[in-house]
Amino acid sequence: MMVYLPDSNQLVVTDGDDNAVELVDCKQYKINKTIKLKPDVDHGVLNPIDKYYYVESGGGSNAPTHALSIIDTTSFKHIGDVEGLPGSSSEGMAIDRGGQQIVREPHGHR
């Protein structure tokens, strides 16, 4: 999963193999910063209003719950987590036009 930040000409890259989110400089093609997260880092979505990137972690196959980690892309810092979301994943996340709500399709929830 990748999100382009046009104001800074950088990419936010979700790296499931490393359980991290990386900030990549698009001019020099190098990783500038890395934020390590819980295992099973996967899907993410950017809120274009507040510039927060929400990335799921901690779910894994058939897990009863998972979390969303919140990354402030302006400072590129991990600023919090939303724990205990039902199901193993939040596939297909989207932010509403006003930047007020995350809409998600729960995956692995019964």
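The values are calculated or read from the model by the stated rules, or taken from the named source; none is laboratory data. Quantities reported herein were computed from a predicted structural model and do not represent experimental measurements. Methodologically, a virtual Cβ is constructed for each residue, glycine included, from the backbone with ideal geometry; neighbour enumeration extends over all protein chains shown. These area figures cover heavy atoms from the full protein model, side chains too; ligands, DNA and RNA do not enter into them. Shrake-Rupley method; radii C 1.70, N 1.55, O 1.52, S 1.80 Å.
Those residues that are of a type in the set (A, V, I, L, M, F, W, C), part of a loop (DSSP other than H, G, I, E, B), open to solvent by less than 20 Å² (accessible area, probe 1.4 Å) and in contact (Cβ under 8 Å) with a residue 40 or more places away in the chain, I need them from the stretch 22-74; list them, please.
ALA63
Conditions: (1) within 21 Å of ILE95 (Cα to Cα); (2) surrounded by fewer than 15 Cβ atoms within 10 Å (Cβ to Cβ); (3) at pLDDT 95 or above. GLY84 meets all but one. Number of the miss?
Result: GLY84 fails condition (3) only.
Looking only at the stretch 1-21, which residues are small (Gly, Ala, Ser) and open to solvent by less than 50 Å² (accessible area, probe 1.4 Å)?
GLY16, ALA20
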